[in-house]
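Enquirer: Would you mind keeping the following structure in view while I ask a few things?
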Amino acid sequence: MDRVLVVQLGRTGLSFVRHYRASGCEVDVVDARAEPAEAAALARSHSGVATRRLDSYQEIAGIAAAYDEIAVSPGVPPAALPPGLEAVGDLDCFLTAFRARWPQERNRPLLIAVTGTNGKSTVAALATRLLCAAGRRAAAVGNIGYPLLDAYHDWQAGGWPDCVVAELSSFQLARLRQPLGADVACLLNCVPDHLDWHGDFASYRAAKAKVFSGAAIGVYSHDDPAAAAEAGAARAAASFGAEGAAASAGWMVNCADIVKRGEARGIPQDGLLRRGIMPLSACAALTIADHAAPELDVEEAAALLARSEGLPHRFSMLAAELDGLSFIDDSKSTNVAAAAAALAAVDGPCVLLAGGEDKGQDFGPLMEAVRAKAAAVIVIDGEDCRLATTLREHGVQPRHCVAMDEAVAAAAAAAREHGAGTVLLSPACSSHDRYADFAARGDAFSAAVARLCGEAGEEGHD
């Protein structure tokens, strides 16, 4: 292979450049965005790489014949590319290099793959910590923020871990052209999301199901019909979820504890939510660890969970309070199912802050959770957005705000008016209408809360 075209320069695009240049290839980059995220990093690290701005990725059709391979970053939807274009994703590149490096399966590191509509970063991080507690050298890679190909080359230079825990998005899995072949593969849940990228739920579900292709063990939630149906593709399966729902489950959640079948002692749920960890996420991570490192015992696992913090912007309770009113940053909630789960987890009535780029979702399934827990809803979007329209159709009159400071102040006022104890940012939408990503949105929320609480404190001292 001599010439490679990398489509879209983000973190994954930059990792493509590194990977192919290490193989001696000539690499060019194209991007349809005015200011690619990693342009400065590319200039510093790979000064000889030619970059070209395109008005549309459809223009690739006119230059594709000049390249031996076309590597596409995960965020580029199939509809943006010329029809019939043969392209490779970073997951395929990683697997090909991984198997070439470790041709004998019995000698290679364990490959653990985690995907799902919601919770996959938390589960990948927790599973990695549990494996390390069992004495394994484990590393979390992929969609969690450490590109697969960067990890490969770093490990080639500095030594490989015992366990590779790969968080995989539906975008990555959709472009997978070979069996994944994970030692342990986990599908946490599968409900409609990213329909603007995949086109429909059937395509989204088919992408998620690829996590089980060639898997030795398939871990799935027995509470999720789609995940349960797809797990049969693995050679063996293990479930987790609500206690009593499946007789064969290993780790389960009841009203107070996370329990393992056959063990007398459970792990108390108390405190997990306060640290941003959903009990089902802990249950999934424990099930993965059970199969990857069976020597880990319940007491070790309980001790680790007791000191573990959740990832930022995932049901994170802010330190700031206002006259007993608490604030929760769940900015990573970018779909209906995530927002519904967050509402269910709140103790008592709350004021919900929601809205953003809707990704073609149906907001109807969120309404039951809104009616059950939301004393008021603040929509950070226009009055004619689909979320606001759906709320009104279900008898909920939202207040509309444009700026985050305005929304937080309105939410605090609504909480006082309705006797709610919590303001919950759980947008049910993507952040890309206003922010670079969910983290920037969460940071804006935290800053607005800090300003509001600071102003209230100053007024109290006048």
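Laboratory data are not the source of any read-out in this text; all were calculated from the coordinates shown. Predicted model only: the values in this text are computed from it and were never measured. Quick reminder, even Gly has a Cβ in these numbers, built from the backbone with ideal geometry, and neighbours come from all protein chains shown.
Enquirer: Can you give me the P(r) profile for the stretch 150-220? Cα pairs, bins 5 angstrom wide beginning at 0, each as a whole percent.
Expert: Cα pair-distance distribution for the stretch 150-220, in percent: 3, 15, 23, 21, 17, 11, 6, 3, 0.
Enquirer: Over the alpha-carbon set of the stretch 3-88, work out the extent along each principal axis and list the three values in angstrom, largest first.
Expert: Over the stretch 3-88, Cα extents along the principal axes are 33, 26, 19 Å.
Enquirer: Which one, PRO365, GLY10, ILE63, projects farthest toward the positive side of the charge dipole computed for the chain from Cβ point charges (K/R +1, D/E -1)?
Expert: Checked the options; the winner is ILE63.
Enquirer: Another question, if that's okay. With unit charges on the beta carbon (Lys/Arg positive, Asp/Glu negative), name the residue among VAL27, MET404, SER169 whose Cα is farthest towards the positive pole of the charge dipole of the chain.
Expert: It is VAL27, whose Cα lies furthest towards the positive end.
Enquirer: Principal axes first, then extents: for the Cα atoms of the stretch 380-438, list largest minus smallest coordinate on each axis, whole Å, largest first.
Expert: 33, 27, 16
Enquirer: May I ask you to compute the full-extension gain from VAL402 to ALA80, defined as 0.36 nm times their residue separation minus their alpha-carbon distance, rounded to one decimal in nm?
Expert: Result: 112.9 nm gained on full extension.
Enquirer: Just subtract the alpha-carbon distance of HIS432 and ARG371 from 0.36 nm times their residue separation and send over the number in nm, one decimal.
Expert: 19.3 nm is the gain from fully extending HIS432 to ARG371.
Enquirer: Rounded to whole Å and sorted largest first, list the principal axis extents of the Cα atoms in the stretch 92-307.
Expert: Principal-axis extents of the Cα atoms in the stretch 92-307, largest first: 45, 42, 31 Å.
Enquirer: Something else: I'd like to know which of ALA226, LEU95, ALA185 lies farthest towards the positive end of the charge dipole of the stretch 92-307, counting +1 on Cβ of Lys and Arg and -1 on Cβ of Asp and Glu.
Expert: Positive-most Cα among the choices belongs to LEU95.
Enquirer: Sketch the reach of a paramagnetic label on ASP2 as a point 7 Å from Cα along Cα-to-Cβ, and name the residues of the stretch 55-76 whose backbone nitrogen lies under 11 Å away.
Expert: 67-68
Enquirer: Oh, and also: Calculated FRET efficiency, ALA302 and ALA439, Cβ-Cβ r, R0 51 Å, to nearest 0.05?
Expert: That pair, ALA302 with ALA439, gives E of 0.95.
Enquirer: Normalised radius of gyration for the stretch 187-234, please: alpha carbon Rg relative to 2.2 N^0.38 Å, two decimal places.
Expert: So the Cα radius of gyration is 1.10 times the expected 2.2 N^0.38 Å.
Enquirer: Rounded to the nearest 0.05, what FRET efficiency is calculated for ALA65 and ALA100 with R0 set to 25 Å and r the Cβ-Cβ distance?
Expert: E between ALA65 and ALA100, to the nearest 0.05, is 0.35.
Enquirer: Please report Rg over Rh for the stretch 316-460, where both radii come from the alpha carbon positions and Rh follows the Kirkwood definition.
Expert: Answer for the stretch 316-460: 0.93.
Enquirer: To the nearest 20 debye, what charge dipole does the chain have about its Cα centre, counting +1 at the Cβ of each Lys and Arg and -1 at the Cβ of each Asp and Glu?
Expert: I would put it at about 1280 debye.
Enquirer: Taking the Cα centre of the stretch 316-460 as origin and charging only Cβ (+1 Lys, Arg; -1 Asp, Glu), how large is the dipole, in debye to the nearest 20?
Expert: 340
Enquirer: Efficiency by 1/(1 + (r/R0)^6): what FRET value for ARG108 and THR389, r their Cβ-Cβ distance, R0 = 60 Å, to the nearest 0.05?
Expert: Step by step, r from the Cβ atoms, then E = 0.70.
Enquirer: Can you tell me how much longer the chain between ASP362 and SER23 gets when fully stretched, taken as 0.36 nm per residue apart minus their C-alpha distance, in nm with one decimal?
Expert: 117.5 nm
Enquirer: While we're here: Too long at a 21 Å Cα-Cα cut-off: which of LYS120/LYS332; LYS208/LYS332; LYS260/LYS332?
Expert: Distance filter (> 21 Å) returns LYS260/LYS332.
Enquirer: Here is a further query. Could you tell me how many cubic angstrom of Cα convex hull volume the chain has per residue?
Expert: 164
Enquirer: DSSP H helices in the chain with Cα extent of 24 Å or more along the helix axis and mean Kyte-Doolittle hydropathy at least -1.0?
Expert: Correct list, ordered by number: 438-460.
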